[in-house]
1. Multiply the residue gap between PHE21 and ASP214 by 0.36 nm, knock off their C-alpha separation, and tell me the result in nm, one decimal place.
2. When each pair of different Cα atoms in the chain is counted once in the 1/r mean, what is the Kirkwood radius in angstroms, to one decimal?
3. Would you mind getting me the FRET efficiency between VAL73 and GLU180? Use the beta-carbon distance for r and R0 = 45 Å, nearest 0.05.
4. If contacts are Cα pairs under 8 angstrom and at least 6 residues apart, what is the relative contact order of the chain in percent?
5. Rounded to the nearest Å, what's the spacing between the alpha carbon centres of region 1-79 and region 93-131? Just the number, please.
6. Report, in deg cm²/dmol and to the nearest 500, the calculated mean residue ellipticity at 222 nm for the chain, where each DSSP H run with n ≥ 4 adds -39500 (n - 2.57) and the sum is divided by the residue count.
7. Long-range amide H contacts for GLU61: which residues qualify at under 5 Å (H placed 1.01 Å from N, peptide plane, sequence gap of 5 or more or a different chain)?
8. What length, rounded to one decimal in nm, is gained on full extension from ALA80 through to MET128, with 0.36 nm per residue of separation minus their alpha-carbon distance?
Amino acid sequence: MSAAAPSRTPMVSLQAVDKHFGALHVLQSVDLDVAAGEVVVVIGPSGSGKSTLCRTINRLESVDSGQVLVDGVPVPAEGAALARLRADVGMVFQSFDLFAHKTVLDNLCLAPVMVRGTPKAQARREAMELLERVGIADKAGHLPAQLSGGQQQRAAIARALAMRPKVMLFDEPTSALDPEMVAEVLAVMTSLADEGMTMVVVTHEMGFARRAADRVVFMDAGRIVEVAPPEQFFAGGGSERTRSFLSAVL
Ligand code: ADP
Ligand code: MG
C-alpha cells in the first residue's frame, strides 16, 4: 500500500457556520471546503443565503458560531490582520463599484500601492497587463462612467486581481448587465478559472456553471442542500428541491 496522499489545506473552509439576522437563521450549519484552484459555483433561490455565505469569507459578515478559514487561517475580526485577509480575498459584486472620480488605471493601482506597498511604476505596469488581459487596455485613462457596464465589470475584476488575491469571490457579477455584455464578463471569468484561480461564484448563469465549475453548490433557506460536479448536478438526480429549482431556471 502506498502512503496516503498528503492532505492539502483547503483555500477556503467553512465549518459548521451559523448566522442569524435577528430571528432569521440565514446560514444553518454550513460546511464547505474549497480546494486551491477549485471553482465552486453557488446557486439557489433569492434569499437562500448565497451572498451572506460569500460575505463571511472576507468578513463583510461575522458568523455567530463555527469557523471560516482562508488558506488555513481563521478569518480575523478586525485590525491589520483583517486588512491582510481582505487583500488576499478579491471580491466582485453585482454593482461595479469602481471609484467614480478615478481613471480605470488609478482604480487598479490604488490598493496595490496603498495596501501592498507596491512601487507606483510597478503597479502601473501590472495594471496595464491586467487591463490587457481583460481586453480594455484602451480604456486605462477613462473614467468608469465612460465605459459600458461590461467594461466596468471587467475593470472591477482586473482591480481585484491587481492585489494578487489567493481567492476570488463573485456575487452575481453579471446580474446587473445588459444581456449583450454578459458573455464578455463570463469569458474573463472562464479564463481566470482555466488559469487555476480559486473561485467562489454566485451566479444564475447555468452555462457558466456547467462549463467552469468543478462543483456546484445548491443552497436553500440557509442550508447547503446539495454539492455535486456539474455533470452530475445538472443530470437531475438530486433532491426534489434541487430538481424543482433547476426546472424553473433551465
Ligand atoms: P441571497 O444572496 O441568496 O439572495 P442573502 O444572503 O442576501 O441571500 O440573504 C439571505 C436572507 O438574509 C434574506 O432573507 C435577506 O433578506 C436577509 N438579509 C441579508 N442581509 C441582511 C442584513 N444585513 N440584515 C437583515 N437581513 C438580511
Ligand atoms: Mg445575493
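Coordinate-derived values only; no laboratory data. No experiment lies behind these values; they were computed from the predicted model shown. Virtual Cβ from ideal backbone geometry, glycine too; neighbours counted across all protein chains shown.
1. Going from the current span to full extension adds 66.4 nm.
2. 18.9 Å
3. That gives a FRET efficiency of 0.65.
4. The normalised contact order for the chain reaches 25 percent.
5. Rounded to whole Å, the Cα centres lie 28 Å apart.
6. So the helix-based figure for the chain works out to -10500 deg cm²/dmol.
7. Long-range HN contacts for GLU61: THR56.
8. Extra length from ALA80 to MET128 when fully extended: 14.4 nm.
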